[in-house]
């Protein structure tokens, strides 16, 4: 559920920022597969998936991608740092040194570092 909610928040933020072409990546294969699927299931996350699909119908182009957890260190680092706040936080221009280090690890894990 947490991964699905994070995907929904990412989609909402991309829409609010005015993006028309979006790539949403995550390390939950289940969430990514459900977002790509046209089949509606009865899982606990299906209402959140329906919300994601509704938001994403506004984009000109949307790609859902699965990445291995080893290549998704930034997302987990941001989630850990975000726990320090009592309200949603979005880093848009600058990232913390810890997050930049995580980005380097992700880049290396993806084979482009």
Exercise for the section: Could you tell me the largest-minus-smallest coordinate of the C-alpha atoms of the range 69-109 on each of the three principal axes, in descending order and whole angstroms? Expected result: 32, 21, 13
Handout entry: Nearest-ten-degree value, helix 46-56 long axis tilted from longest Cα axis of the chain
Key = 80
Completion exercise
If R0 = 25 Å, then residue 58 and residue 29, at their Cβ-Cβ distance, give a FRET efficiency to the nearest 0.05 of 0.50
Completion exercise
Footprinting proxy, 24, 5: sorted fewest to most Cβ within 10 Å, the residues are 5, 24
Fill in the blank from the handout: Taking N as the number of residues in the chain, the ratio of its alpha carbon radius of gyration to 2.2 N^0.38 Å works out to 1.09
Exercise for the section: Would you look at the GNM of the chain, springs on alpha carbons closer than 10 Å, and say which of 70, 81, 16 moves the most? Expected result: 16
Exercise for the section: Consider all pairwise Cα distances in the range 2-66 and report the whole-number % of them above 13 Å. Expected result: 57
Practice task
Quick one: among 48, 40, 74, which has the greatest mean-square fluctuation in a GNM of the chain with alpha-carbon springs under 10 angstrom?
Solution key: 40
Problem - Nearest-ten-degree value, helix 73-82 long axis tilted from longest Cα axis of the chain - result: 90
Fill in the blank from the handout: When 15, 91 are ranked with the fewest other C-beta atoms within 10 Å first, the list becomes 91, 15
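Quick note: the coordinates plus some simple rules give every number you see, no bench work behind them. This is a predicted model, so every value here is computed, not measured. A quick note on method: Cβ atoms are made from the backbone with ideal geometry, for glycine too, and the neighbour counts reach across all protein chains shown.
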